[in-house]
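Data first, discussion second: the structure below is written as structure tokens.
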Amino acid sequence: MATLSQSPLASHWVIVLCGGRGSRLGSITESIPKSLALVYDKPIIWYTFLTLFKDGFRKFLFPLGYRGAMIEEFLTKEFDDRDCEIRFIDTGEDTPISQRLHKVSSQIAEGEDFFLINGDTFFNFDILGMYYFHRRKNSLATFSSVEIISEYGMLIEKGGQLIDFAREKKVSHFLLNGNKNARGHVNSGFVWLNKNALSLIDLENCKNFEQELFPKIIQMGRAGHYKIEGSWFSIDTKKDLNIINLKEGNQKELGSMVQKVKKNLVTRYSYQSRYYADINELKRKILNRTIIPHQVEIQPGPIGRDICWLKCPYCYGHTAQDSGERLTPERYVTIMKQIAEGGVKKVIFAGYATDPLFYNYIEDIVQVALDYNQVTGFHTKAINISDRLVNQITGLSIAPLSYFSISVDAGNNESYNKVHGVPQSQAKLYDQVLSNIGRLVHARAQTQSPLDISATYLLNPLNDSSEEVLKSIHDLREAGVDLIRFTFPQVPRGYSVGPSDSNIPSCDKITENMARLRPLIEKENDSQCQVLILDLDRVHDIYDVPRSLPCFARFIFPSIGFDGWLSHCSESAAPHFRDLAMGNLQEQDFWEVFYNYDVNDFKGGLNVSCNKMEQLNCKCDRKEHVVNSRIVESGVFDDLV
Ligand code: SF4
């Protein structure tokens, strides 16, 4: 079966024009470029890139211009881990299209076909079909036309009689004055071009690329006309942006279609593909025991103390019992080295029922990840952070894509203490966390370290007032985080949400909060700090769904629990899941435990662990839900489940 990376489009460049000022979007483009304007809290260029990637492109050229660095930063952050080539070339702010193409065309081989599109258009149609049409006709250029929704009211006439009046009518073409046989079709701006066509005009001095080149090719008889069937919506004005976000007009069909496309792209490209490239390859490597997990999560437990002194009522691991077992510090370093030397590229320091920074020797195990240049991620409350750790992770030796995510979940000390069940009501932990963020940001600025610093805020009835949310955004932005992500706590294992639950918001409460807070939060977005709110349970339809089986987590993101046992995933890494755990790393080596599964009776083994998961009532987090269900949906493991 051909995988997408073998698509015929993979070898062709796509040029995404995204350098213009977008001045017709008014104040929106004062601080951001047009293609970062949000459509259902995703930038237009996010849709552009992922739709092209979905259709098979693997070579992307972005001729940057106005606020180009922001586009480059966004795309790099978002898609740097994809198996494709992305090139950004600065072509100047107010540069005509022809000169932009002149500056990037050297990337394209002579005689090569390339796809030219605008970065401000939402689209979903058969680009591969258009490419085959282009090849079949051996065209120098294949233009495409679209049906549009008329922005004017229409007087409908038939046989010279007025028969109706309508708004938002679809128009497929226009009759041209003075030539009643000629029809005008709306140019979509999407064109397959052969590099040779560019030499038909003086690109460097051309004033109007389309006006000078297109008629020339047409008169040569080397042009094709492809009629797009599918969706296309160009975002030129603020009104267009409102229409596509369903804030204006009545194009519900368009709005729901965009949301559907977003949902598909999120599910297709968010968790799953980050964790494995090709599902057939995943299966092959599992069965011949050459699989290397995408990441290993490390949940170290403090030695000689309770696993956690906070009492967050919505803690996902609140049912965890502490057996007191811990890996010795020396053993931990040994295990970390085994993981790195075995080929694991990414380690995450987090906690199911604890906080990784509560571990007394966190700097020693982090140092191993730095020494082996592993992508290093942190999920922590950052209440205490040593100078040594600050210097370690803000040093230049940290691998690109490493990140430090702080869960804050409050906008002031009082609320912080309530939300986290902090016994001493006078504690100033919120201020302490902000100052720790400031230390990290300051240290990073000294070294230009690639570390990404972000904050998460789990909204619940204790901390979701608009005032508190806005205050936390201002404080965190002031502290210097790159991204603030508002979302909602998942329902923990063994927890049932009460009617007016003060810890875990109900579905209705979440919907109400999304409607109330999203406009507030979107306004806070700026070039320094991206702010977004997500209802991921709705996006993935998993609100209060316990688990997605069969479970493949152990092969993709196994976790070492605070008790030192290797577990299938971050949410099953605690002593009460011992029956499910893979082995004790105090006594056994990492790879000995990791590869301890029966390939001859893989199905049997999988069933045994899944039955245990049901009995032990483990509860997936969002990435586990999505990855497990996508693997099952692919059908590749049908013969083994
Ligand atoms: S919580 Fe989910 S991912 Fe983890 S073991 Fe259970 S079923 Fe698997």
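Of the beta bridges in the chain, as assigned by DSSP with both residues counted there, near 40 percent are antiparallel. Note on Lys158: accessible area approximately 140 square angstrom, rounded to 10, probe 1.4 Å, nucleic acids and ligands left out. Charge tally around Leu241: other residues with Cβ under 11 Å, Lys/Arg +1 each, Asp/Glu -1 each, net +1.
Can you pull out the chymotrypsin sites (Phe, Trp or Tyr not before Pro) in the range 160-213 that DSSP calls coil and that have at most 12 other Cβ atoms within 10 Å? Counting only loop positions with at most 12 other Cβ atoms within 10 Å, none of the chymotrypsin sites (Phe, Trp or Tyr not before Pro) in the range 160-213 qualifies. Among the GluC sites (Glu not before Pro) in the range 315-353, those located in a DSSP loop and surrounded by at most 16 other Cβ atoms within 10 Å of their own Cβ are Glu325.
If each Cα of the range 461-565 is one equal point scatterer, what is log10 of I(q)/I(0) from the Debye formula at q = 0.11, 0.23 Å⁻¹? Each listed q corresponds, in turn, to -0.48, -1.20.
Rounded to the nearest 500 deg cm²/dmol, what is the calculated helix-only ellipticity per residue at 222 nm for the chain, with -39500 (n - 2.57) per DSSP H run of length n ≥ 4?
On the way: 22 runs with 224 residues, N = 641.
When only DSSP H runs of four or more count, the value is -10500 deg cm²/dmol.
On a per residue basis, the chain carries 43 Å² of accessible surface, using protein heavy atoms and a 1.4 Å probe. Cysteine residues of the chain whose C-beta has no other cysteine C-beta under 4.7 angstrom: Cys18, Cys84, Cys206, Cys308, Cys507, Cys529, Cys551, Cys569, Cys610, Cys618, Cys620. Shown for the range 1-71: the carbon plus sulfur share of the solvent-accessible area, taken with all protein chains present and a 1.4 angstrom probe, equals 55%. The GluC sites (Glu not before Pro) of the range 543-625 that DSSP puts in a loop, and whose beta carbon has at most 12 other beta carbons within 10 Å, are Glu587.
Charge dipole (Cα centre; +1 on Lys/Arg Cβ, -1 on Asp/Glu Cβ; no other charges) of the chain amounts to roughly 1580 debye. Which of the pairs Lys195/Lys216; Lys428/Lys471; Lys77/Lys103; Lys238/Lys262; Lys170/Lys238 have their Cα atoms more than 23 Å apart in this structure? Cα-Cα > 23 Å for Lys77/Lys103; rest within. Net charge in the neighbourhood of Gly395 (other residues with Cβ under 15 Å of its Cβ; Lys, Arg +1, Asp, Glu -1) is -1.
Cα centroid separation, the range 288-320 to the range 1-70: 38 Å. Once the other residues with Cβ under 10 Å from the Cβ of Phe60 are scored (Lys, Arg +1; Asp, Glu -1), what is the net sum? My count for the surroundings of Phe60 gives +3. In a fully extended conformation the segment linking Glu212 and Lys612 would gain 137.1 nm over its present Cα-Cα distance, using 0.36 nm per residue.
The range 530-586 and the range 450-526 have Cα centres lying 22 Å from one another. In terms of Cα atoms, the Rg and Dmax of the chain work out to 27.2, 91 Å.
Remark: the Asp387-Arg331 segment gains 17.8 nm on full extension, using 0.36 nm per residue and subtracting the alpha carbon distance. Surface composition of the range 400-536: carbon plus sulfur atoms hold 54% of the accessible area, using a 1.4 angstrom probe and ignoring ligands, DNA and RNA. Counting only residues at least eight positions apart within a chain, or on another chain, the lysines with an alpha carbon under 20 Å from that of Lys619 are Lys311. Each 5 Å bin, from zero up to the one with the longest distance, holds this percent of the alpha carbon pairs of the range 387-483: 2, 14, 24, 21, 16, 12, 8, 3, 0.
Across the range 72-195, Cα-Cα distances exceeding 18 Å account for 71% of all pairs. Placing unit charges on the Cβ atoms of the charged side chains and taking the dipole of the chain about its Cα centre, the candidate lying farthest along the positive direction among Ser145, Thr328, Leu585 is Ser145.
The values are calculated or read from the model by the stated rules, or taken from the named source; none is laboratory data. Everything numeric here is computed off the predicted structure, so don't read it as measured data. Because the Cβ atoms are built from the backbone with ideal geometry, glycine has one as well, and the counts that use them run over all protein chains shown. Ligands, DNA and RNA are excluded from the accessible area calculation, which covers all protein heavy atoms including side chains. Shrake-Rupley method; radii C 1.70, N 1.55, O 1.52, S 1.80 Å.
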